[in-house]
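S.K.: Sharing a structure with you now.
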Amino acid sequence: MTSAVSESSKTARLVLEDKELELPVVVGSEGEVGIDISSLRSQTGAITLDEAYVNTGSTRSAITFLNGEDGVLRYRGYPIETLAEHCDFLETAYLLIYGELPTSDQAASFREDIRHHTMLHEDMKSFYNGFPRDAHPMGILSSVVGALSTFYQDSMDVHDPDQVEVSIHRLIAKLPTIAAYSHKKSIGQPFVYPKNSLSYCENFLHMMFSTPAGDYEADPDFVEALNLLLIVHADHEQNCSTSTVRMVGSSNANLFASISAGIGALWGPLHGGANEACVNMLEQITRDNGNVQKYVDMAKDKQNNFRLMGFGHRVYKNRDPRATIIKTSCDKLLQKLDLKDPLFEVAQKLEETALRDSYFVERKLYPNVDFYSGVIYRALGIPVQMFTVLFAIGRLPGWIAHWKEMHADGSRINRPRQIYTGPTRRDFVPVDQR
Ligand code: SDX
């Protein structure tokens, strides 16, 4: 079993009509308490009902711990602040996937494994001719990642560790290439091949901004900021897209198909798509003379389905520690570049205004990971439609780690139950009598 959980002596008692049940209680390594209901239906015929899984744990996991009340986030026990300060993205990816920070030899070998797979099969380039010029890069990313399974049929066995390992290397190596190619396609420039003398983040910026007419020299501050952004996006326990990867993977679907499904879930504006939606919202407010109060009032108005994008969170009822890290990095980068981005001013003003308003305070709504990230991406020259693609590149190691953990735990196919509320049995009515 994944995590050492203390077998609690405590039990939970459930009374349902004439039945009384003692249910085991599971206590996690951070003291979280879960009631194990795996015997509930067989003993009572009843199931639980928890719309959107607000109160439901889907698994035990040893990868990421977050405490929403205290604003704590740790990858394999290491605080996100420490990793953001001392690691780069590939070291963090190694930690999430293999459970320990790499030694220098392990890190060097992992980097070499990734470098070895950065290019796409030349036949994959023709896919891009099939997409419309204005195709959203998330649609391209999920399509091309799913198609990797058709090119790498030698690594589809989810139970073969070597095949899983090479698929992991291929995915981590190729996502930046697939992403950069989608950007080049959108601006009518030729694809730029990866250059393996560069680091992971340098290589991505090279593929995004170099042209045959001239190489792009990545500013070290940009590389540092991109590493930090990818690190803080790398995992977040059982969020929507990670749960999707686990769900799809639980059918023994290959890793490429599982990750492609996760990309689709991340695209939604309530999830990873919020970073793109947030910048669009900040631009709208900026065009509206920075009138943040108007948008705060709109967000509070139940007649209006407008929401402050980048605000609020299912788990964090305190500051999202990632937002704090990103905001600091934002400030530092803009100062270093002597850049005045009006969106950053508006974002700070919006945060101050909302956090003075009882509507947000009572509901414990704070800026989340998506609130400030777009300002940094803009400073790096990343187009808005690529923001969620960057989120996917960052989240990939987390998706992989959870997919591996699920298989290591020998988990069964995920198949939730339901409470049926439709018509009871009724007789067929011939069409001439309807
Ligand atoms: C990510 O799960 C993860 O870990 C996700 C993520 C990760 O790393 O994987 O952290 C990444 O997805 C971050 C969230 C990005 N999404 C957004 O920024 C979109 C805007 N935020 C909201 O839509 C909302 O806050 C959610 C989707 C993030 C959370 O939704 P919940 O938990 O279902 O909360 P809810 O909709 O039930 O809101 C509770 C109350 C409601 O009001 P009441 O019915 O109590 O009167 O808060 C209100 C909501 O109307 N509310 C907001 C709001 N967010 C919640 N009101 C205005 N603006 C907002 N942004």
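The values are calculated or read from the model by the stated rules, or taken from the named source; none is laboratory data. Not measured: the values here are computed from a predicted model. No Cβ is skipped: glycine too gets one built from the backbone with ideal geometry, and neighbour counts run over all protein chains shown. Surface accessibility is based on the protein's heavy atoms, side chains included, excluding ligands, DNA and RNA. Shrake-Rupley method; radii C 1.70, N 1.55, O 1.52, S 1.80 Å.
S.K.: Report D for the range 182-329 in µm² per second (integer): Stokes-Einstein, Kirkwood Rh on Cα pairs, 37 °C, 0.692 mPa s.
M.R.: 177
S.K.: Using only C-alpha atoms and all pairs of different ones, pull out the Kirkwood radius for the range 65-218 in Å with one decimal.
M.R.: After inverting the mean inverse Cα-Cα distance, the result is 17.3 Å.
S.K.: Between Lys332 and Lys195, 0.36 nm times their residue separation minus their Cα-Cα distance comes to what?
M.R.: 46.5 nm
S.K.: Mind ranking 292-298, 231-237, 156-162, 178-184 by how tightly packed they are, going by the mean number of other C-beta atoms within 10 angstrom, highest first?
M.R.: Descending packing order for the listed peptides: 231-237, 178-184, 292-298, 156-162.
S.K.: Suppose all protein chains stay in the model; what accessible area per residue would a 1.4 Å probe give for the range 34-94, in Å²?
M.R.: 55
S.K.: What is the Cα centroid distance between the range 266-281 and the range 83-158, reported in whole angstrom?
M.R.: So the two Cα centres are separated by 22 Å.
S.K.: With r as the distance between the Cβ atoms of Ala408 and Ser251 and R0 = 22 Å, compute the FRET efficiency 1/(1 + (r/R0)^6) and round to 0.05.
M.R.: 0.85
S.K.: Determine the per residue accessible area of the range 103-227 with all protein chains present and a 1.4 angstrom probe, expressed in square angstrom.
M.R.: On a per-residue basis, 45 Å².
S.K.: Oh, and also: Principal axes first, then extents: for the Cα atoms of the range 273-351, list largest minus smallest coordinate on each axis, whole Å, largest first.
M.R.: That works out to 43, 33, 20 Å along the principal axes.
S.K.: Using +1 at the C-beta of Lys and Arg and -1 at the C-beta of Asp and Glu, which of Gly130, Ser109, Leu14 has the Cα lying farthest in the positive direction of the dipole of the range 1-136?
M.R.: Of Gly130, Ser109, Leu14, it is Gly130.
S.K.: A further question on this structure: Take the Cα coordinates of the range 96-187, assign each an equal point scatterer, and use the Debye formula without solvent to give log10 I(q)/I(0) at q = 0.11, 0.13, 0.22, 0.26 Å⁻¹.
M.R.: -0.37, -0.51, -1.11, -1.34
S.K.: Subtract the Cα-Cα distance of Arg417 and Asp432 from 0.36 nm times their separation in residues, and report this length gain in nm to one decimal.
M.R.: Value of the extension gain: 1.7 nm.
S.K.: Report the extension gain between Thr424 and Ala108 in nm, rounded to one decimal, defined as 0.36 nm multiplied by the number of residues separating them, less their alpha carbon distance.
M.R.: The span from Thr424 to Ala108 would gain 107.5 nm if fully extended.
S.K.: On to the next question. Which angle between 0 and 90 degrees, to the nearest 10, do you get for helix 342-354 versus the longest principal axis of the chain when only C-alpha atoms count?
M.R.: 30
S.K.: Nearest 10 degrees, 0 to 90: what angle lies between the long axis of helix 104-115 and the longest principal axis of the chain (Cα atoms)?
M.R.: It is inclined by approximately 80 degrees.
S.K.: Turning to a different aspect of this structure: Which value, in debye to the nearest 20, describes the size of the charge dipole of the range 1-113 about its Cα centre when Lys and Arg Cβ atoms bear +1, Asp and Glu Cβ atoms bear -1, and nothing else is charged?
M.R.: Dipole size: approximately 340 debye.
S.K.: Between the range 171-192 and the range 390-434, how far is it from one alpha carbon centroid to the other, in angstrom?
M.R.: About 32 Å separates the Cα centre of the range 171-192 from the one of the range 390-434.
S.K.: If you don't mind, another one. Suppose accessible area is computed on protein heavy atoms with a 1.4 Å probe; arrange Cys278, Cys240 from highest to lowest.
M.R.: Highest to lowest solvent-accessible surface, that is Cys240, Cys278.
S.K.: Nothing charged except the Cβ atoms of Lys and Arg (+1) and of Asp and Glu (-1): what's the magnitude of the dipole of the chain about its Cα centre? Round to the nearest 20 debye.
M.R.: 1180
S.K.: Same structure again: So if we plug the beta-carbon distance of Tyr78 and Glu224 into 1/(1 + (r/R0)^6) with R0 = 22 Å, what FRET efficiency do we get, rounded to 0.05?
M.R.: Once rounded, the FRET efficiency stands at 0.70.
S.K.: As I understand it, the value is the acute angle between the Cα axis of helix 220-232 and the longest principal axis of the Cα atoms of the chain; what does it come to in degrees, rounded to 10?
M.R.: Helix 220-232 sits at roughly 10 degrees to that axis.
S.K.: A follow-up question, please. Can you give me the % of accessible surface on the range 35-136 that is carbon or sulfur? Probe 1.4 Å, all protein chains present, nothing else counted.
M.R.: Carbon plus sulfur share of accessible area: 48 percent.
S.K.: Right, next: Can you run the Rg to Rh ratio on the chain? Use alpha carbon positions and the Kirkwood inverse-distance Rh.
M.R.: Rounded to two decimals, Rg over Rh is 1.00.
S.K.: Taking amide H positions as placed 1.01 Å from N in the peptide plane, with prolines and chain starts having none, which residues 5 or more places from Ala12, or on another chain, fall under 5 Å of its amide H?
M.R.: Result for Ala12 returns Leu23, Val25.
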